[in-house]
Amino acid sequence: MQQQTAWRMLLTCALVAGAATALHAQAAAAPSTATTRRPGLIPWPTSVEMSSSDAIAITNHTVIEVTPGQEGLWRLATDLARLLRPALDATIGIRDIAGPAAAGTIRLEVVPATAALAGDGYDLAISANGIRIEAATPAGVFYGTQTLRQLLPWAIELRGPRPFAVSVPAGHITDRPRYAWRGVLLDVSRHFFSVADVKRYIDLSAMYKMNRLHLHLSDDQGWRIEIASWPNLTRYGGSTAVGGGAGGFYTKADYAEIVAYARDRFMMVIPEIEMPSHCNAALASYPELTCDGVAPTLYTGIEVGFSNFCFEKDITFKFLDDVIRELAAMTPGPYVHIGGDEVKTMTPAQYSGFMERAQAIVARHGKTAIAWDEIIHGTMLPTTVVQYWRPDASLAPPPGTKLILSPANRLYLDMKYDDTTVLGLNWAGNVDVNVPYEWDPAKHVNVPESSILGVETAIWSETPATIRDLEFLLFPRLPAVAELGWTAQPARDWTDFRMRLGAQAPRWSALGINAFWSPKIDWTR
Ligand code: ACM
């Protein structure tokens, strides 16, 4: 203990002197009794070799170097410099790579893809030769920087100048995700969330390497996206919310801002327009979309399944064509989600015919449809992606269909944690942080694992109405879902995870996150 304290002091002196390499030499000579626990990384990487005694300093002399000509790397470097700024009390320099790696540099490099390094994977090396993140894509570099962020002391997350000696343990991490699809759904229809709220939702999710933002843009309680050819959707249909609040909607400019913000954090936006049910806000805005031509009143309750677009009228499909055309034009990603769940007012044949036409409209506008799992009971295009939400997944889709897994009893984060939690619903059961974690997505539906694009968690907004509410539902469960989506099944272990989760908690406090301090977390570290 005494020895360790002396060693830490030595470390601090060296840091104050800004002598990164000297520090490395001194640290290497530190007593071999020094103990460093496994770093509290989430999601846990594919391979981690960390030194228990060597630490590499980051000082105000450190420079970030980026591969020249790689779009986005300079921005990642700027974000990293901004993260370090309060602790260093300085904004460190950024420059293009011009020579070999050297001490005192943090390199962000895009390199040609190899079998070991492709897609979202990255390699992070921390040594006397500096810190180096290599990946085949800027997304991979981004994920490497998120891992580096977690290796830094938690106080790095505090804003405002608070200088302290910054170092990271020497070591080597190679990493790649289990699934390409690591999604978060946000229901902005039951309650509306501002662009600023959505940006924070993106920040908190991307920090844990989530890469899909599914926006549930329309439902009975509100229509939230501007459609120029049907302006009453937002003018009237967007004017309220569950409980009778003011509602709101995104203009096309707002939506573009969200898409760009998400893209810069390597998150693809997937817009969802609900049909043939969950559409009261649209019907109230345009009575010609109902079969009897009578507009229902705006709805602010939380029942489901009672509304439907009139499947017998051509105007319904003209409407859907206009909506999806405009939505496709403002969405760079390849997907449009067409809902399809909880229809209580149509026969199976009517439902199937409706969804068939909807899938054709999505295809005509150059996108791939995603639909909730009820769609497997009807006719499907072979490209349509099925999102499983019902806990019972005993029926598999046609062979070759791609799946996203979001079973409500595991991944719906709007469920209560336990019986004491006020916020949330519990129709799918209580979902404390162990519930998503102790589940293997590969075993959910009887399909080959190659059919599973990945996992997606969801926050439906019957009860959450503010960003503080969303934070409470996300933390600590979001990191559990992130590890589910990223870390290979054999490397996941609840006992180890709940300890790493405890180690993350000071970061959440520093970031001002309104977390639920679940008794399932191990607080001993
Ligand atoms: C759903 O929760 N009805 C998709």
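A short reminder: the numbers here are calculations on the coordinates, not readings from a lab. Since the structure is predicted, the reported quantities are computational estimates derived from the model, not experimental observations. Ideal geometry is used to build each Cβ from the backbone, glycine not excepted, and the neighbour counts take in all protein chains shown.
Along the axis of the charge dipole computed for the chain (Cβ charges of +1 for Lys and Arg, -1 for Asp and Glu, origin at the Cα centre), the listed residues ASN430, ALA135, ALA349 are led at the positive end by ALA135. Across segment 372-473, Cα-Cα distances exceeding 20 Å account for 42% of all pairs. For segment 357-400, the pair-distance distribution built from all alpha carbon pairs, in bins 10 Å wide starting at 0, is 27, 55, 17, 1 percent. Taken along the Cα-to-beta-carbon direction at a fixed 7 Å, the label points for LYS252 and ASN426 span 4.7 nm.
For segment 127-233, the extents of the C-alpha atoms along the principal axes are 62, 35, 21 Å, listed from largest to smallest.
Look at where the Cα atoms of segment 32-103 and of segment 215-288 average out, and the two centres are 40 Å apart. Distance between the pseudo-spin-label points of SER47 and THR91 (7 Å out from Cα toward the beta carbon): 3.8 nm. Rounded to the nearest 10 degrees, the inclination of helix 252-264 to the longest alpha-carbon principal axis of the chain is 40 degrees.
Extension gain for the segment SER127 to ALA155, taken as residue separation times 0.36 nm less the Cα-Cα distance, is 7.9 nm to one decimal.
Helix-only arithmetic for the chain: the sum of -39500 (n - 2.57) across DSSP H runs with n ≥ 4, divided by the residue total, places the mean residue ellipticity at 222 nm at -9500 deg cm²/dmol.
Which of the listed residues, VAL195, LEU88, ILE225, is farthest toward the dipole's positive end in the chain, when Lys, Arg count +1 and Asp, Glu count -1 at the beta-carbon? So the residue we want is LEU88. Scaled against the 2.2 N^0.38 Å expected of a compact globular protein of N residues, the Cα radius of gyration of the chain reads 1.04. Listed cross-link partners LYS402/LYS443; LYS344/LYS443; LYS199/LYS520; LYS313/LYS402 are compared with a 26 Å cut-off, the Cα-Cα value being larger for LYS344/LYS443; LYS199/LYS520; LYS313/LYS402. Treating the angle as unsigned and between 0 and 90°, give the value, to the nearest 10°, between the Cα long axis of helix 314-330 and the longest Cα principal axis of the chain. So the helix axis and the longest Cα principal axis differ by about 20 degrees. For segment 63-216, a crude dipole built from +1 on the beta carbon of Lys and Arg and -1 on the beta carbon of Asp and Glu, taken about the Cα centre, is about 360 debye to the nearest 20. The angle between the Cα long axis of helix 348-364 and the longest principal axis of the Cα atoms of the chain comes to about 60 degrees, rounded to the nearest 10. Dipole magnitude for segment 243-326: about 220 debye, using +1 per Lys or Arg Cβ and -1 per Asp or Glu Cβ, origin at the Cα centre. For ILE270, what residues show an amide H to amide H distance below 5 Å, using hydrogens built from the backbone and excluding near sequence neighbours? Distant-sequence amide H within range of ILE270: LEU213, HIS214, LEU215.
Across the chain, C-alpha contacts under 8 Å between residues 6 or more apart give a mean separation that, scaled by the residue count, equals a relative contact order of 13 percent.
Relative to the current alpha-carbon distance between ALA101 and THR495, full extension at 0.36 nm per residue lengthens the span by 138.0 nm. The relative contact order of segment 182-225, computed from alpha carbon pairs under 8 Å that lie at least 6 residues apart in sequence, is 60 percent. Computed from the Cβ-Cβ distance with R0 of 60 Å, the FRET efficiency linking PHE317 to TRP523 stands at 0.60. Using a simple spin-label model with pseudo-atoms 7 Å out from Cα toward Cβ, ASP419 and ALA180 lie 4.5 nm apart.
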